[in-house]
Number of protein chains: 4
Amino acid sequence: MRRLRMGLIGGGPGAFIGPVHRIAAELDREIELVAGVFSSDPDRSRQAGDAYRIDPRRAYPDIETMLAREATRDDPIDFVTIASPNHHHLPAARLALEAGIAVISDKPATATLDEARALAQIVRQAGRPYGLTYTYCGYPLIREARARIAAGSLGVVRKVVVEYAQGWLATAVEGKQSAWRGDPAQAGVGGAIADIGVHAFHLAEFVTGSRVTRLLADLASVVPGRVLDDDCQLLLRFDNGARGALLASQIMTGERNSLRLRVYGETGALDWSQETPNSLTWRHGDGRTEILQTGDASLGDDARRATRTPGGHPEGYLEAFANLYRDFARQLRGEPGGLLPGIEDGLRGMALIDLAVTASREDAGWIDFEV
Amino acid sequence: MRRLRMGLIGGGPGAFIGPVHRIAAELDREIELVAGVFSSDPDRSRQAGDAYRIDPRRAYPDIETMLAREATRDDPIDFVTIASPNHHHLPAARLALEAGIAVISDKPATATLDEARALAQIVRQAGRPYGLTYTYCGYPLIREARARIAAGSLGVVRKVVVEYAQGWLATAVEGKQSAWRGDPAQAGVGGAIADIGVHAFHLAEFVTGSRVTRLLADLASVVPGRVLDDDCQLLLRFDNGARGALLASQIMTGERNSLRLRVYGETGALDWSQETPNSLTWRHGDGRTEILQTGDASLGDDARRATRTPGGHPEGYLEAFANLYRDFARQLRGEPGGLLPGIEDGLRGMALIDLAVTASREDAGWIDFEV
Amino acid sequence: MRRLRMGLIGGGPGAFIGPVHRIAAELDREIELVAGVFSSDPDRSRQAGDAYRIDPRRAYPDIETMLAREATRDDPIDFVTIASPNHHHLPAARLALEAGIAVISDKPATATLDEARALAQIVRQAGRPYGLTYTYCGYPLIREARARIAAGSLGVVRKVVVEYAQGWLATAVEGKQSAWRGDPAQAGVGGAIADIGVHAFHLAEFVTGSRVTRLLADLASVVPGRVLDDDCQLLLRFDNGARGALLASQIMTGERNSLRLRVYGETGALDWSQETPNSLTWRHGDGRTEILQTGDASLGDDARRATRTPGGHPEGYLEAFANLYRDFARQLRGEPGGLLPGIEDGLRGMALIDLAVTASREDAGWIDFEV
Amino acid sequence: MRRLRMGLIGGGPGAFIGPVHRIAAELDREIELVAGVFSSDPDRSRQAGDAYRIDPRRAYPDIETMLAREATRDDPIDFVTIASPNHHHLPAARLALEAGIAVISDKPATATLDEARALAQIVRQAGRPYGLTYTYCGYPLIREARARIAAGSLGVVRKVVVEYAQGWLATAVEGKQSAWRGDPAQAGVGGAIADIGVHAFHLAEFVTGSRVTRLLADLASVVPGRVLDDDCQLLLRFDNGARGALLASQIMTGERNSLRLRVYGETGALDWSQETPNSLTWRHGDGRTEILQTGDASLGDDARRATRTPGGHPEGYLEAFANLYRDFARQLRGEPGGLLPGIEDGLRGMALIDLAVTASREDAGWIDFEV
């Protein structure tokens, strides 16, 4: 069984998420990076290709060239990874899918909700796999939480609290990472809501298996001079009647990447924090508190399949990310059972951004969540 | 310097908070329980008096009798503690204050906002000390947090997240503690918002030194059959421009008494949890994280005065409560400097309950916080 | 049922442990401080009496006077608390017991093993209660741990690791607390081993229900100029075959009062830390991890009786200490069932000090633990 | 710059550590697995080769064949990884080194101290890189700890406590992992001391920069029927005068992979636990407590170079392991600055095993640590 061949869009010098995609994709040796458009600047793209140690001829200046040249090879790429800023997502995905090449894309799906709708159409027509890397649903204990809730371990879910706290934008920082995220032309209408809010939102829906049906939003740009939101407070209703709150902020000074999800059901509750991802607190209605840990024999198939080492050997962000690529590889090989988000999740994320921004601007109170 | 003499209203058989008041009051030997109306049932009041080991003649059948008889003694009570259900607070306080006796009362101040306004009038006229036991502001590290914020250690405060999570009402429990809290005739218009929401609210204002000016509320009665709210989600604005969220719930299954306050300023942030009260996380804007601990030499006067043992000897809920009584004793002796909440804090708490219930019922969006 | 009357020896200006005894004794209102010899300096004793707000006539200049005068009263003291430095323990206890007055003493029992043997003889002859405040066995979850092990929840205990880490003597500090502890004439032959090692030792035996039968000791005076040990490493064997290690140090820089006990049995393990005393980790042999918390409904009678507030209201050091006084009061009233250590535990503690110092000096390897 | 080519010895079906080496080696794309002897059974070796997706012709039946055939290729292996049981380490390393092929080996270096001495001789003569994967020294915060201590941040180191607690051998388990570890013919003279004790020992020396000069050992086989030690308690002396304790056990029921290192100096202390590897507690002599986190801007070069993602994105065991391969690749390319342990560390580890077993058997008291 050969390794699947990956073409990376983005991930050039100074990038954070591109190299992460590369590591994640290759971690299980099911996938190999062989080509890429690492920068819109051809020289930088070539340099990055060298740094990735790929065949210099496969470091392309643009996506069209990559798709055309790869199509002529015996060993062409099997899929592209899109890891460039949001406004590139739609055009890049369109080119690939229309060329019959599968796509896995960083989140959010696109820069705007309209784009997402267009992309959804394209994906449906293309009939090729499309995956979206909401990273945090790759963690073993998140998958365990999802499985337990689906199995009824908490009873009916009543309350969901999810928060994603960062502090790196508490001041007006300069740099590649903040520049494009703060620019509506590249990032779209959402700031923190698009960068991290969608993660929190997806995680809540992924784990509970319920869908948000209404929301109330309170977004703000706290740091002077910032155009897009950097602090978000949302209240939620789910289709099963559950209530919820979502906090996402990039001005919570000193916080690193503090994503925490709590789900409270009638008979139990789960509590997970991304910065200590290998333990999951399970509070029982009868007062008992259990700590589940990655690698525990009591965990189910989804968690076990997402774990590479025995308990006590901490796995982290890169391994969670790799679990999404493992799911994607399975999809590409036509195997069932993966948990990788797809375009429907992408659409919901874009709707969240759009609705939250709209609702917040108009002080609109509760609004329906419609995609 | 003699010990001050306390008359306890409430605290009879099965009570939780009455005995806590007794322990807290006496902890520093500045106060002594000498009399009480421990139950509205005279027999039970006598029995409770015996259990407290007080002079049987000073276990009274009702407040009027206590005030009258004590007034005839050489060693009369110096103050009363009100630790009975909410609807007793106003009449009890009125009787005492009008008899010239100082009052310290459990929260919330009264059962309704109108009662609180009446009480405020009485307190102002009486000119006697009136204290309110928002327990959690008695913790040393909460006082340290307050002092640091006042001193500008965090820069301008921008974001406040406070939550108070309990799970004991996740099912329809029976019992003395839940019975009166769930009965509007005894508890007033608020359920969780009155029982624990006011604590969270007061703590946020106490520590930040800012006042809430607007709020948006989302209260619900989640458990079938319950009349009053058991789950509250509020969004807040403060007078300095800060944004905030307040969660208070008694249906967060498995949670015990999980009160957590986080305050984010421009240049730093503080994070404190009541269940591990002896450490306070201080995140600096430059990325450093410090853990302050009760008893640390670096702490200020307020924290030091509120601590009885060296660092590493955990102090808890009873000691925090005792710090409020220490403040109250100081007030009774005419000394300055205490941090005990008073009737103004009581009024604000009652306004919170009233506004939150009203705003939530009408899906009213943002409303002004006015007392 | 009247309150028992306490006479305090020690606890004058600058003292740490005397006021702790007072608070602990009075916390449950079963005991009242009425008299004392608070200092060997009569003036300071009187001043301290005023600070404690006791009758000035009952602040005595010396123990003999206290015992004589109290014996003439209608309401004499029921017992004395000895909270003065180690070398006072034997003479003070002797005077009281020979006067028919019960004694509760701070640890260690005496300054030397010979003194402890003499005291044991006196206690046996006096037939009056004698209690020893190994504080940490008063914590509810320590009592729970003991009960679970006794009930076989861990299977046969195989391994015990107990450590008591402090850092306050990492430099050559000045002050009342360090002065007497560092002076062999007042403290006896042991430094850290006598001040904190005996706590760790007692806790290990108390919780496991097993007795140390052999030990190997490695003590040192790390800080230049210090006469007594400040760092102790011991290896242990227990009478049931279990192996163990005990670390006690006052030069572990930055540590406050970090006492931790871990007990590993065939089928489970318990892990408790004094600085977060309200949770107890229970690791099961099948891989499950449970967190027990003070106030949990699943806890047994011993823990429940040692708890004053519902779960989530942290109790700490003073409450643990008060549990010992509650046990003592029960003993004084002739009631069964307390868990307060007595002279036999005192003798074992003194033997530990003596053996550890001796064994360490001579590089003696393993030696038998004999009292 | 091409990728270095790796030949893996071990890592066949059911293996734990072989796949870990593969992931770690390839994580940074500087190395590629191209060949291997994955099992001593040729069929199983071929199957494993397929699972690794390497060229089937490069899944060899034995080391001799691999070395011979690879030597005839244009693209031969650059090094071998030895990940088979201990008794294979010496013969495998000898064959490779004598063929001029660099070696990176799992720990311990060999099965016996004599073998280690022989290997040291071979390494010196071969003049090829030899690395040893004491995994835990690959963690960023361990490297930070080492750098800070070297820079004097703690003052003179006085006390080191290192422990490695596992519980998976608390009962007599069956299986590939326990079988060879419990068999002296494959594992050598040490059980837990060889499997995990050497890790703890190396970590202590690596971080402190000091060398153990004397030790006292107390090893036992606690589980009936076990030949080799499963529980180890050691006391240590270091060349700078520091004192220490080392606990390593595989019968600490319920523990997973609990490796913790604490180093106490005159003016500060560091505390790190492998199961939460992304934070490092730094206790200052003045009472301040800081939490350093992977990715913090305040960390030094060694930590930064060992980190792939921004703070708050947890990295774990595989990334730590990969850091050792990154160091090894640097060595192979003739670059300076790596921190990968070599044969001298291997010799010290084997001496530890040998001395600990010997010292423990004879109840020998303190013995000199001599390699």
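Here are the numbers:
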item	result
Qualifying residue in segment B:332-343 (condition: among the charged types (D, E, K, R) and either within 13 Å of another protein chain (Cβ to nearest Cβ) or more than 30 Å from A:Glu362 (Cβ to Cβ) (or both))	yes
D:Gly131 vs. criteria in a loop (DSSP other than H, G, I, E, B), out of contact with any His (no Cβ under 9 Å at 6 or more places or on another chain) and of a type outside the set (Lys, Arg)	no
Hey, A:Thr309 in contact with a Phe, Trp or Tyr (Cβ under 9 Å, 6 or more places away or on another chain), more than 14 Å from chain B (Cβ to nearest Cβ) and either in a strand (DSSP E or B) or at pLDDT 95 or above (or both) or not	yes
Sole exception among (1) under 30 Å from B:Leu259 (Cα atoms); (2) touching a residue at least 12 places away in the same chain (Cβ under 8 Å); (3) in contact with a strand residue (DSSP E or B) (Cβ under 9 Å, 6 or more places away or on another chain) for B:His87, by number	(3)
Residue among D:Val227, D:Val222 that alone is in contact with a strand residue (DSSP E or B) (Cβ under 8 Å, 6 or more places away or on another chain), over 26 Å from A:Glu255 (Cβ atoms) and in the same structural domain as D:Gly152 (by TED's automatic domain parsing)	D:Val222
Members of segment C:317-331 that are away from chain B (no Cβ under 13 Å) and hydrophobic (A, V, I, L, M, F, W, C)	C:Leu324, C:Phe328
The lone exception for A:Ser178 - which of (1) closer than 17 Å to A:Val156 by Cβ; (2) polar (S, T, N, Q); (3) surrounded by fewer than 19 Cβ atoms within 10 Å (Cβ to Cβ) it fails	(1)
Flag if C:Arg53 is among the basic types (Lys, Arg), away from every other protein chain (no Cβ under 11 Å) and over 23 Å from the mean Cα position of the chain (by Cα)	no
Flag if B:Ser84 is touching a Ser or Thr at 6+ places or on another chain (Cβ under 6 Å), surrounded by 19 or more Cβ atoms within 10 Å (Cβ to Cβ) and within 22 Å of B:Gln186 (Cα to Cα)	no
Residues of segment D:29-40 classified as among the hydrophobic types (A, V, I, L, M, F, W, C) and facing chain A (nearest Cβ under 9 Å), total	1
Scope segment A:309-338; condition closer than 13 Å to A:Tyr139 by Cα and in contact (Cβ under 8 Å) with a residue 40 or more places away in the chain; matching residues	A:Glu315, A:Tyr317, A:Leu318, A:Glu319, A:Ala320, A:Phe321, A:Ala322, A:Asn323, A:Leu324, A:Tyr325, A:Arg326, A:Asp327
Wholly enclosed helices (runs of 4 or more DSSP H) of segment D:35-113 bearing at least 3 residues of a type in the set (Gly, Ala, Ser) and over 28 Å from D:Gly349 (Cα atoms)	D:42-51
Verdict on B:Gly241 being within 14 Å of chain A (Cβ to nearest Cβ), surrounded by fewer than 24 Cβ atoms within 10 Å (Cβ to Cβ), in a loop (DSSP other than H, G, I, E, B) and in contact (Cβ under 8 Å) with a residue 60 or more places away in the chain	yes
When residues of segment A:185-209 are limited to those that are more than 17 Å from A:Arg260 (Cα to Cα) and part of a helix (DSSP H, G or I), the one nearest to the chain's Cα centre (by Cα)	A:Ala194
Residue in segment C:56-78 that is closer than 22 Å to C:Tyr317 by Cβ and within 14 Å of chain B (Cβ to nearest Cβ) present	no
Residue match in segment C:213-227 (condition: of a type outside the set (A, V, I, L, M, F, W, C), more than 20 Å from D:Gly265 (Cβ to Cβ), without any contact (Cβ under 8 Å) to a residue 40 or more places away in the chain and not in a helix (DSSP H, G or I))	no
Those residues of segment A:51-74 which are loosely packed, with under 12 Cβ neighbours inside 10 Å and within 13 Å of A:Leu33 (Cα to Cα), in sequence order	A:Asp55, A:Pro56
Selected residue (criterion: nearest to the other protein chains (Cβ to nearest Cβ)) from residues of segment D:264-276 that are buried (at least 24 other Cβ atoms within 10 Å of the Cβ) and under 20 Å from the mean Cα position of the chain (by Cα)	D:Gln274
Residue satisfying all of: in segment A:283-293; surrounded by fewer than 24 Cβ atoms within 10 Å (Cβ to Cβ) and either part of a loop (DSSP other than H, G, I, E, B) or among the hydrophobic types (A, V, I, L, M, F, W, C) (or both); modelled with the highest pLDDT among these	A:Ile291
Residue list for segment A:144-184, restricted to those being more than 12 Å from chain B (Cβ to nearest Cβ), in a loop (DSSP other than H, G, I, E, B) and at pLDDT 95 or above	A:Ala151, A:Gly152
Test: residue in segment D:329-339 that is crowded, with 23+ Cβ neighbours inside 10 Å, among the polar types (S, T, N, Q) and within 21 Å of the chain's Cα centre (by Cα)	no
Boolean, D:Ala303 is among the small types (Gly, Ala, Ser), more than 9 Å from every other protein chain (Cβ to nearest Cβ) and surrounded by 24 or more Cβ atoms within 10 Å (Cβ to Cβ)	yes
Single match in A:Glu315, A:Glu319, A:Glu370 (criterion: assigned to a loop (DSSP other than H, G, I, E, B), within 30 Å of A:Arg128 (Cα to Cα) and acidic (Asp, Glu))	A:Glu370
Positions within segment D:288-300 being within 13 Å of another protein chain (Cβ to nearest Cβ) and either over 30 Å from B:Gly295 (Cα atoms) or out of contact with any strand residue (DSSP E or B) (no Cβ under 8 Å at 6 or more places or on another chain) (or both), in sequence order	D:Gly295, D:Asp296, D:Ala297
Condition broken by C:Asp195, with the remaining ones in (1) of a type in the set (D, E, K, R); (2) over 25 Å from D:Arg243 (Cα atoms); (3) buried (at least 24 other Cβ atoms within 10 Å of the Cβ); (4) away from chain D (no Cβ under 12 Å) satisfied	(2)
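Per-residue answers, yes or no, for (1) under 24 Å from C:Gly7 (Cα atoms); (2) among the hydrophobic types (A, V, I, L, M, F, W, C):
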| residue | (1), (2) |
| --- | --- |
| C:Asp286 | no, no |
| C:Gly300 | no, no |
| C:Arg304 | no, no |
| C:Pro310 | no, no |
| C:Arg326 | yes, no |
| C:Ile343 | yes, yes |
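Conditions tested, residue by residue: (1) of a type in the set (Asp, Glu); (2) under 24 Å from C:Ala24 (Cβ atoms); (3) within 14 Å of chain C (Cβ to nearest Cβ); (4) buried (at least 24 other Cβ atoms within 10 Å of the Cβ).
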| residue | (1), (2), (3), (4) |
| --- | --- |
| B:Arg3 | no, yes, yes, no |
| B:Ala15 | no, yes, yes, no |
| B:Ala24 | no, yes, yes, yes |
| B:Leu27 | no, yes, yes, no |
| B:Pro42 | no, no, no, no |
| B:Gln47 | no, no, yes, no |
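The values are calculated or read from the model by the stated rules, or taken from the named source; none is laboratory data. This structure is a prediction, so every number in the text was calculated from the model and none was measured. Glycine also receives a Cβ, built like all others from the backbone with ideal geometry; neighbour counts cover every protein chain displayed.
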